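Working notes, structure below.
The values are calculated or read from the model by the stated rules, or taken from the named source; none is laboratory data. Computed from a prediction, not measured in an experiment: that's the story for all the values here. Note that each Cβ is placed from the backbone with ideal geometry, even for glycine, and that neighbours are counted across all protein chains shown. The area values use the complete protein model at the heavy-atom level, side chains included, leaving out ligands, DNA and RNA. Shrake-Rupley method; radii C 1.70, N 1.55, O 1.52, S 1.80 Å.
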Amino acid sequence: MNIAIDVMGGDYAPEAVIDGIIESIDLLTNGETILAIGPQDTLNNLFKSRNFSNSQVRVIHAEQVIEMGEHPTKALSQKPNSSIGIGFSLLKEGKADVFASAGNTGAMMVGSLFSVKTINGIQRPAIAGFVPQVDGHYAIMLDIGANADCKPEMLAQWAELGSIYFESTTGKSNPRVGLMNIGEEEQKGSILAQSTHALLKENSHINFIGNIEGKDLFRNKADVIVTDGFTGNIVLKMGESIYNIMKEQGMMNEFVENTNYENYGGSPIIGINGNVIIAHGASSPKAIKNMIKLCKSVVDSNVCQKIKAEFEEK
């Protein structure tokens, strides 16, 4: 397994990414390699300054960097030798089994769409976020920001994508699918929510349990939570704020600790012909280590191939 990592992506790159890679070495087994992408001299000097050398980490030279504020499409076309550009090239050529970055989210999404491309039959891929539950488990929510304006058919597909991902990575069969809405009643919500509800209700490929409300987000009512990217992004970031607020007030427990984004490492893009992980821009070494752990889980689960097989049969 080759895990490609954009060392130059993130608010604290490259140092935090280098330290996260070093901390993750104990996660690797024989035959697993981290491909650290970035300026060769810079990366080698950082590893050297930490007295680190390991044959399971290979430096892949990339002379350009896409900054966080750059326009995604322009940056990718103008900087083909960037760490993100090289990462997608490795993934597309089969030299990497997964590519992950804490860098420019837009560039990661655009790269996914135009490099490895969307799986046939899927209208739009989605970014899935992990939502901690009060019983210690987690649910996944999609979309969390890739698609602000959505059609009911897109949300209906995400319900299937999320179900396949959840079952493949957790081993839990027949995951419960809930539609985020302003009420439990079938007729509640926007035109988008009502139309999506009708599609999900008739979908025999999923275990649809109906609408769930914001108060149900952490209550283990659903394993897969479906919503548009605009709503999902707001809900996820509100949830993330719990950790910092509670920490500031000295009110920590297991559930609050599980709201810390560092524990999840990143969010997979689901519905593309490859494994891509987007990490939080403020990723620390701990978050990078867990990002690499997530990369391993996604590859080991073979979820991308399972999604392709499911949609190719239709």
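Sorting the Cα pairs of the chain by distance into bins of 10 Å, from 0 upward, gives 6, 28, 34, 23, 8, 1, 0 percent per bin. On average, how much area does the Cα convex hull of the stretch 87-168 cover when viewed from any direction, in nm²? One quarter of the hull surface, i.e. the mean projection, equals 6.7 nm².
Between the Cα long axis of helix 285-301 and the first principal axis of the chain there is an angle of about 70°, rounded to the nearest 10.
For the pair Glu185 and Met238 in one chain, pulling the backbone fully straight at 0.36 nm per residue adds 16.6 nm over the alpha carbon distance.
Taking the DSSP bridge list for the chain and keeping only pairs wholly inside it, about 25 percent are antiparallel.
Scalar couplings 3J(HN,Hα) for the stretch 259-265, obtained by applying the Karplus form with A = 6.51, B = -1.76, C = 1.60 to θ = phi - 60°, are 7, 6, 4, 4, 6, 9, x Hz; x denotes Gly and Pro. The alpha-carbon atoms of the stretch 179-314, seen along their principal axes, cover 45, 36, 23 angstrom, with the largest extent given first. Were the residues from Lys151 through Lys306 laid out at 0.36 nm apart, the gain over their Cα-Cα distance would be 53.4 nm.
The loop-placed GluC sites (Glu not before Pro) in the stretch 115-210, going by DSSP, that have at most 10 neighbouring Cβ atoms within 10 Å of their Cβ come out as Glu202. Distant-in-sequence amide contacts of Val59, defined by a placed amide H-H separation under 5 Å and a gap of 5 or more residues or a different chain, comprise Ala36.
Compared with the dominant Cα axis of the chain, that is its longest principal axis, helix 229-248 is turned about 70°.
Across the stretch 5-104, the relative contact order, built from alpha-carbon pairs under 8 Å that are at least six residues apart, equals 36 percent.
Computed log10 I(q)/I(0) for the stretch 19-58 at 0.21, 0.25, 0.30 Å⁻¹: -0.64, -0.89, -1.20, from the Debye equation with unit scatterers placed on every C-alpha and solvent omitted. The distance linking the stretch 240-314 with the stretch 131-145 is 10 Å (Cα centroid to Cα centroid, whole angstrom). Considering only Gln194, Gly20, Gly111, the residue lying farthest towards the positive end of the dipole of the chain is Gly111, judged by Cα position with unit charges set on Cβ.
Averaged per residue, the stretch 106-254 has 46 square angstrom of accessible surface, using a 1.4 angstrom probe with ligands and nucleic acids left out. Calculated on the Cα set of the stretch 114-255, radius of gyration then Dmax: 15.2, 49 Å.
On a per residue basis, the stretch 21-90 carries 53 Å² of accessible surface, using protein heavy atoms and a 1.4 Å probe. In terms of Cα atoms, the Rg and Dmax of the stretch 126-205 work out to 12.8, 34 Å. From most to least packed by mean Cβ count within 10 Å, the peptides 111-118, 265-272, 244-251 give 265-272, 111-118, 244-251. With an a/c value of 1.5 or above and a/b not larger than b/c for the gyration tensor axes a ≥ b ≥ c computed over the alpha-carbon atoms, the stretch 1-101 is described as oblate. Once the Cα atoms of helix 152-170 and of the chain are each reduced to a long axis, what angle between those two axes, in degrees from 0 to 90 to the nearest 10, is obtained? Around 60 degrees separate the two axes. Pair-distance distribution of the stretch 53-196: all C-alpha pairs, bin width 5 Å, starting at 0; shares per bin in whole percent are 2, 8, 14, 17, 16, 15, 12, 8, 4, 2, 1, 0, 0. Temperature 20 °C, viscosity 1.002 mPa s: under these conditions the Stokes-Einstein estimate for the stretch 240-314, based on its Kirkwood radius over C-alpha pairs, is 153 µm² per second. The distance between label points at Asn54 and Glu93 comes to 2.5 nm (points 7 Å beyond Cα on the Cα→Cβ vector). Residues whose amide H lies under 5 Å from that of Arg176, counting only those 5 or more places away or on a different chain, are Asp223, Val224; hydrogens are built 1.01 Å from N in the peptide plane. What the Cβ-Cβ distance of Asp11 and Ser173 gives, at R0 = 45 Å and to the nearest 0.05, is a FRET efficiency of 0.70. Carbon-plus-sulfur accessible fraction, the chain (probe radius 1.4 Å, protein heavy atoms only): 48%.
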